[in-house]
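To start, the structure under review is shown below, and the notes come after it.
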Protein chains: 4
Amino acid sequence: MDAKSLEELLYIEGEQMKMSEKQRLILNAAIEMFAEKGFASTSTSEIAKKAGVAEGTIFRHYKTKKDLLLSIVMPTVTKVVAPAFAKNFSKEVFEQDYPSYEVFIREMLNNRFEFVKKHFPVLKIFIQEAFYQEEFRNVYKQVFNEHVYDKFKHIIEHFQSTGELRDLPADTIIRTTISSIIGLIITRFLLMGEEMDEELEKERTIQFILYGVKQKR
Amino acid sequence: MDAKSLEELLYIEGEQMKMSEKQRLILNAAIEMFAEKGFASTSTSEIAKKAGVAEGTIFRHYKTKKDLLLSIVMPTVTKVVAPAFAKNFSKEVFEQDYPSYEVFIREMLNNRFEFVKKHFPVLKIFIQEAFYQEEFRNVYKQVFNEHVYDKFKHIIEHFQSTGELRDLPADTIIRTTISSIIGLIITRFLLMGEEMDEELEKERTIQFILYGVKQKR
Amino acid sequence: MDAKSLEELLYIEGEQMKMSEKQRLILNAAIEMFAEKGFASTSTSEIAKKAGVAEGTIFRHYKTKKDLLLSIVMPTVTKVVAPAFAKNFSKEVFEQDYPSYEVFIREMLNNRFEFVKKHFPVLKIFIQEAFYQEEFRNVYKQVFNEHVYDKFKHIIEHFQSTGELRDLPADTIIRTTISSIIGLIITRFLLMGEEMDEELEKERTIQFILYGVKQKR
Amino acid sequence: MDAKSLEELLYIEGEQMKMSEKQRLILNAAIEMFAEKGFASTSTSEIAKKAGVAEGTIFRHYKTKKDLLLSIVMPTVTKVVAPAFAKNFSKEVFEQDYPSYEVFIREMLNNRFEFVKKHFPVLKIFIQEAFYQEEFRNVYKQVFNEHVYDKFKHIIEHFQSTGELRDLPADTIIRTTISSIIGLIITRFLLMGEEMDEELEKERTIQFILYGVKQKR
DNA sequence: TATGAATGAGAGTTCATTCAT
DNA sequence: GATGAATGAACTCTCATTCAT
């Protein structure tokens, strides 16, 4: 990954952003290896070799191996979960940007799909570790609760009030919408790869969310 | 896990089924630890201690640590993916069992949900490893292709011919249906735990699959 | 050191005493190296090499390097400080064994001198570490207070009551007596070595303690 | 420690004396850390941090870490051992300063006691290292032999000739005198600390040296 | 068949020292 | 002169695996 993208991805507000060249090499190598073999199965000596630095150099920048993992994964969590909802939802902006739920989920799906495509290795690392580290799951939950849930719910209720959406509980709509999007993403990035017709399946997923699979009577 | 369940779960056709007592202790301990901490982060000595056997005993039954992993995970793949479709689809059986797509997915969802509930640790191990071992993903794909895909497609086409299902491509319906089910399962077993109202969310997921979230006009 | 001596030296009451052959080799090597180069400057790989075992073997027997140090040093503290006072001081035994303060300190000096001669390396290790680890000093103090001080004081007061000893405070007599003995021991084992005429200097030290260096008028 | 004291302590005749500010910071930090944790257990980075300089700066002033140790310890040896005997023993000066052995040892004890109190950390470092580095012990022996032994012996013989001292061998008197003083110093600075009544114990030690503990008949 | 002591390769980490700036 | 990033050897400790009992 080039220096700029990496810094943008791993930048946390309030932290100093500048990375040294070696640090970038280390992070890129670590992301690649962790994504490929998993955190526990990747040795710091492998990372050092791939990065082309001495093993000691890793520990000059990151106190422990776990520290290196966190510095890769933590800043990403926010960025993957929140941005679709980061906009300032003033009424005008909102109604202009999202005239319908369809426009909203289409934008969200496209936006997150591209993000995942660009940063898939880091996300893979996050997901893997979230399996066994509660710490990781909690960060995800926290970000979701703080930045996403209320706004998402608000949007749904808005479109229920306009009559576009059925009167299902917002929670269920949130879960099923997200499930469908994540299901698409997993299918594309973990199971099928390039052989999938991306645009077609994205569109179908949107239609599925919107109309369901059952024929209208 | 008791001896019988374990043998059933890990039994592969054509193999000798009898397990010694020690072997069962080892497998149970390994499943628990692998699920909790991951394969790479679990040491054989931890397994031995938890199983109450000597370290050497593990290697008497399983040539390597990886061997132990495979003997846990491989037989499970088939069992988790296939059984809903394992029935003999003679016309009568089928029409009798599944008078509608709704009945079919309700049964499938309930059935898989219970299976996951019962064998969650083993499945967690499989998923974790599938992330980085193509070998694992391929086994999954193969089982899916061999035992599931054709039958699932056949069912969909059947209900499209009866007019119950819309004329979406079967692949899309398969993917979205499975996505929704897996989404529910992940939400329940990885994110929310017991705090979720299982029966309610199951029903809503089914409704979502069937009708979608969009109001019918 | 032979197996028997080592076990006797490092045995702690209430612990299991049997040492494996390898364990003995490790302890002997560790004592030798720690005494020669100090704890911090001795690497576990050196110890392993000198003991003729694999490095891993050390950690099978001792959880950490520090553990190895403690298992050498702790049991010795008691044995070096206490035994001269370990006898059961029933009145008869006492008056029979120590008809005078002179007999008492002569026995104590000889006894401790021989013990130091036999176990000098272990004691050297203890002293070194006591310099910077309060933990070590406290163990020493505790043993001294519990097993030595009262009895020593009692003896002194006894010989003050018989008129053999001057009416100095017991604490001062204790400190100066011990100082003189330790001074002799340090001179012999750290500064001069074999070139010192042991018996002569022991006798002179006893005379010094008893009569002082100043001429009687 | 202030600049002047430090320079005085570590000054060796014939060397250039000026220390830079940074050098002083480094030496003070090193003395403190070495005394607290021992030479081998103190890292140069700790010293640099405590001194508030960069790690590289240490190596600009001292070729190696050991060099730093030597530059602290070596000049001190002379100063701790010799000064009591450094005076020019012209007959007049001597008889005027030391009209009796008692006056002599009282002055020596007080003088060395104050020196140790002032420079305890450096001395602690020296003693620690003297345990395993013969080089250090030899320096001590050499200084003792060159600057102390003959003069001390001469003093003793003088007071034997005046009849103040008993006809013990001078070596024994030297050893026991020094032992008693060192014993007091160790008790004060390593074992008891401030809780000891300094003046009282100093006086008692002198009395012990002079009269011994045994009652005069 | 089961044991557990022993192994040695390799893990993560520290550290004295170097050197370009 | 001072810096501190970089180094790589060496450190303590872990681990899957072996094998004599």
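The values are calculated or read from the model by the stated rules, or taken from the named source; none is laboratory data. The model shown is predicted, which means the values in this text are computed figures rather than measured ones. Cβ placement follows ideal geometry from the backbone for every residue including glycine, while neighbour counts extend to all protein chains displayed. To get the accessible areas, we keep the full protein, side chains included, count just its heavy atoms, and leave off ligands, DNA and RNA. Shrake-Rupley method; radii C 1.70, N 1.55, O 1.52, S 1.80 Å.
Before anything else, pin down the relative contact order of the stretch D:1-72: Cα pairs under 8 Å, at least 6 apart, normalised by residue count, whole percent.
Value for the stretch D:1-72: 30 percent.
Taking 0.36 nm per residue of separation and subtracting the Cα-Cα distance, what length does fully extending B:Lys37 through B:Phe120 add?
28.5 nm
Averaged per residue, what accessible area in Å² does the stretch B:98-216 show with a 1.4 Å probe, protein chains only?
For the stretch B:98-216, the solvent-accessible area averages 42 Å² per residue.
Nm distances between the label at B:Arg60 and the same-position labels in the remaining copies, 7 Å along Cα→Cβ, shortest first?
Here B:Arg60 shows inter-copy label distances of 1.8, 5.2, 6.7 nm.
Would you mind giving the total buried accessible surface between chains D and C, with a 1.4 Å probe and ligands, DNA and RNA left out, rounded to the nearest 100 Å²?
Adding both sides of the contact gives about 4500 Å².
Under the rule of -39500 (n - 2.57) per DSSP H run of 4 or more residues, summed and divided by the residues of chain D, what mean residue ellipticity at 222 nm is obtained, to the nearest 500 deg cm²/dmol?
-22000 deg cm²/dmol
I'd like to verify something in chain C: which complete DSSP H helices, judged by Cα projection on the helix axis, reach 20 Å or more and average at least -1.0 on the Kyte-Doolittle scale?
C:21-37, C:65-81, C:101-132, C:170-186
How are the Cα pair distances of the stretch A:17-65 distributed, in percent, across 10 Å bins from 0?
Reading the bins upward from 0: 29, 60, 11.
Count, for each residue of D:198-210, the Cβ atoms from other chains sitting within 10 Å of its Cβ, then give me the mean as a whole number.
Per residue, the average neighbour count from other chains is 4.
Quantify, in whole percent, the carbon and sulfur part of the accessible surface of the stretch C:137-213 (1.4 Å probe; protein heavy atoms only).
52 percent
Do you know the relative contact order of chain C, to the nearest whole percent, from alpha carbon pairs under 8 angstrom that are 6+ apart?
Across chain C, relative contact order equals 19 percent.
Suppose R0 equals 30 Å; then what is the FRET efficiency for C:Lys65 and D:Ser45 from their Cβ-Cβ distance, rounded to the nearest 0.05?
The calculated FRET efficiency here is 0.90.
I need to check one value: relative contact order of the stretch B:147-217, counting alpha carbon pairs closer than 8 Å and at least 6 residues apart, in percent.
Once divided by the residue count of the stretch B:147-217, the mean separation gives 23 percent.
If each label sits 7 angstrom from Cα along the C-beta direction, how far apart, in nm, is D:Lys49 from its counterparts in the other copies?
For D:Lys49, the other copies' label points sit at 3.1, 3.1, 3.2 nm, shortest first.
Are there chymotrypsin sites (Phe, Trp or Tyr not before Pro) in the stretch C:152-217 that DSSP puts in a loop and that have at most 11 other Cβ atoms within 10 Å, and which ones?
Counting only loop positions with at most 11 other Cβ atoms within 10 Å, none of the chymotrypsin sites (Phe, Trp or Tyr not before Pro) in the stretch C:152-217 qualifies.
What length, rounded to one decimal in nm, is gained on full extension from B:Ser100 through to B:Gln142, with 0.36 nm per residue of separation minus their alpha-carbon distance?
12.3 nm is the gain from fully extending B:Ser100 to B:Gln142.
Mind listing the label-point distances from A:Glu195 to the same position on all other copies, shortest first, one decimal in nm, points 7 Å along Cα→Cβ?
Listed shortest first, these distances are 4.1, 8.0, 8.8 nm.
Working only with C-alpha atoms, what are the Rg and Dmax values of the stretch A:82-217, expressed in angstrom?
For the stretch A:82-217, the Cα-based Rg and Dmax read 15.8, 47 Å.
Find the chain C residue whose Cβ sits closest to the rotation axis that carries C onto B, and give that distance in whole Å.
Closest Cβ on chain C to the axis mapping it onto B, in Å: C:Gly56, 4.
Across peptide C:167-179, what mean number of C-beta atoms from other chains lies inside 10 Å of a residue's C-beta?
5
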